[in-house]
Amino acid sequence: MTTFRSPDLERLASIEAMAQTAIDGLRSIIHTARQLAEGASGGIQRPLNAPPTPFSRPKPCSKIERRPELQALITARLADQTFDLIIAATAAHFPPEPRTFRSALCRWRQRKAAELADLNPQLSTPFGQFHQ
């Protein structure tokens, strides 16, 4: 049985992020190919000087999304701790170089809440409470 050190987990997380970027790029290429195929059979559907579609570029991943161990720590503490306490806990558990800021934590939490609300709109606070 192989034990993984922290640098190994970081490399795996970066490889996973690169793979996800490649998958998103392939989805964009497939979408563009389908649009071109539809355009060839049905004429041009939008002007040539129109702005690109929203599918043309994938969203960049945040530092929190790229590090599963950081996500796990934040998720475990999000329901019962304030953002400031969570930031202090991440500073104590992880090296100082990739610091987690309060604004990044707030944006990440809002994205996760929106994703979960889309899955289950009946939830009033789908991903922890709002801590200020």
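The values are calculated or read from the model by the stated rules, or taken from the named source; none is laboratory data. As the structure is a prediction and not an experimental result, all values here were calculated from the model. All Cβ positions, even for glycine, are placed from backbone atoms using ideal geometry, and neighbour counts span all protein chains on display.
Among the residues of the range 86-99, the one identified as touching a Lys or Arg at 6+ places or on another chain (Cβ under 8 Å) and either under 22 Å from Gln20 (Cα atoms) or exposed (fewer than 12 other Cβ atoms within 10 Å of the Cβ) (or both) is Pro98. Taken over the range 85-105, the residue count meeting the criterion of being in contact (Cβ under 8 Å) with a residue 24 or more places away in the chain and not hydrophobic (A, V, I, L, M, F, W, C) is 2.
Scanning the range 69-85 for residues that are surrounded by fewer than 14 Cβ atoms within 10 Å (Cβ to Cβ) and closer than 23 Å to Thr21 by Cβ gives Glu69, Ala72. So, in the range 109-127, of the ones that are surrounded by 14 or more Cβ atoms within 10 Å (Cβ to Cβ) and either on the phi > 0 side of the Ramachandran plot or of a type in the set (A, V, I, L, M, F, W, C) (or both), which residue ends up modelled with the highest pLDDT? Restricting to residues being surrounded by 14 or more Cβ atoms within 10 Å (Cβ to Cβ) and either on the phi > 0 side of the Ramachandran plot or of a type in the set (A, V, I, L, M, F, W, C) (or both), the top hit is Ala113. Between Cys106, Cys61, the distinction of being outside any helix (DSSP H, G or I), modelled with pLDDT of 70 or more and among the hydrophobic types (A, V, I, L, M, F, W, C) belongs to Cys61 only.
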